[in-house]
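Novice: I am attaching a structure below and will ask some questions about it afterwards.
The values are calculated or read from the model by the stated rules, or taken from the named source; none is laboratory data. Keep in mind that this is a model prediction, so the values were computed, not measured. Cβ placement follows ideal geometry from the backbone for every residue including glycine, while neighbour counts extend to all protein chains displayed. Just the protein is used for accessible areas: all its heavy atoms, side chains included, with ligands, DNA and RNA removed. Shrake-Rupley method; radii C 1.70, N 1.55, O 1.52, S 1.80 Å.
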Amino acid sequence: MLRSVWWALAISALAFTVWNGLSLTMSDVSMSCSKIGEGGSYHCDDRAIDVLGVWPLVVVGLLLATPPAVAAIAMRQWVSWFAVTALVVLFVAGIASVTHDSYWNLLVLALPMAVIGSATAMFRRTAPGCGARKFS
């Protein structure tokens, strides 16, 4: 059950990134468009993927999907908490880069992912006596 929550987070992060890559315009990702209504070498109604390229979007998608995927594969409580910490760091990076003309502002999705991930990590039960064998 908990593994499926982590996989659902990873898949939803990728789906969110693809959806935004296909639908965002430069006015959505550029502060210069929202402040003065024009960009440097682009129009504000240009598609962001045409101006910024696909590889930065791929990097953001992988950054969002990797921590929950690693937690789903490992299924250890400490890895789950490490994934939550990584998601919080990604959220802070997304907030810090909100003024740049990039996809980095999509990293704010990491906050709700971290909240769901922390709830998942809290409900992860550790097996009593891990590694101990019971002899009869």
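Novice: So how tilted is helix 110-122 from the main axis of the chain? Cα-based, degrees 0 to 90, rounded to 10.
Specialist: Rounded to the nearest ten degrees, it is 10.
Novice: Ok, one more. So how far apart, in nm, are the two label points at Ile73 and Val58 if each is 7 Å from Cα heading toward Cβ?
Specialist: About 1.8 nm, to one decimal.
Novice: Report P(r) for the chain: all Cα-Cα distances, bin width 10 Å, range 0 to the bin holding the largest distance, values in whole percent.
Specialist: 13, 36, 25, 15, 7, 3, 1, 0
Novice: So, with a 1.4 angstrom probe, what is the percent of accessible area on the chain that is carbon and sulfur?
Specialist: Working: 5710 of 8280 Å².
The nonpolar share, carbon plus sulfur, comes to 69 percent.
Novice: How far apart, in nm, are two points set 7 Å out from the Cα along the Cα-to-Cβ line at Phe123 and at Asp28?
Specialist: Between Phe123 and Asp28, the label points sit 3.1 nm apart.
Novice: Additional query: Accessible area per residue of the chain at 1.4 Å probe, in Å²?
Specialist: Working: 8280 Å² over 136 residues.
Heavy-atom SASA per residue in the chain reads 61 Å².
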